[in-house]
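Below is one structure; the comments refer to it alone.
The values are calculated or read from the model by the stated rules, or taken from the named source; none is laboratory data. A quick note: this is a predicted structure, and the numbers were derived from the prediction, not measured. Methodologically, a virtual Cβ is constructed for each residue, glycine included, from the backbone with ideal geometry; neighbour enumeration extends over all protein chains shown.
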């Protein structure tokens with residue numbers, strides 16, 4: 001019965017990639033308490049729906065700072081910026097901190113102007 005239902009309602013997708021990358025991705029999934037399938041399914045669902053993926057709880061033992069999830073489209077743009085326009089060799093997290101710091105500096109400037 002469930003095989004029939006799966007055949008009528010489900011579709012399997014696959015991707016070919018270098019073994020090293022596949023092993024790294026599987027390790028990433030395991031370290032974050034999830035599976036490759038769940039990560040891919042979340043990416044596909046959020047991409048198609050245009051809504052961000054649900055935010056999982058912060059990792060255990062996280063130290064300081066804030067843990068957050070950004071949309072896949074923003075993450076891709078941030079990685080592109082980090083790869084191609086990054087003379088200081090910042091990590092994506094460092095670059096996002098820099099961008100947000102600048103944003104809040106500008107926002108504060110305009111808030112003071114409005115008073």
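Are any of the residues in the stretch 7-19 at pLDDT below 85 and assigned to a helix (DSSP H, G or I)?
Within the stretch 7-19, the first condition is being at pLDDT below 85, and the residues that meet it are none.
Within the stretch 7-19, none of the residues are at pLDDT below 85 and assigned to a helix (DSSP H, G or I).
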- prompt: Does residue 101 meet the test of being assigned to a helix (DSSP H, G or I), closer than 25 Å to residue 43 by Cβ, without any contact (Cβ under 8 Å) to a residue 40 or more places away in the chain and not assigned by TED's automatic domain parsing to the domain that holds residue 43?
  reply: no
- line: Filtering the stretch 49-98 down to residues that are at pLDDT 70 or above, in a loop (DSSP other than H, G, I, E, B) and not assigned by TED's automatic domain parsing to the domain that holds residue 38 yields 85, 86, 87, 88, 89, 90, 91
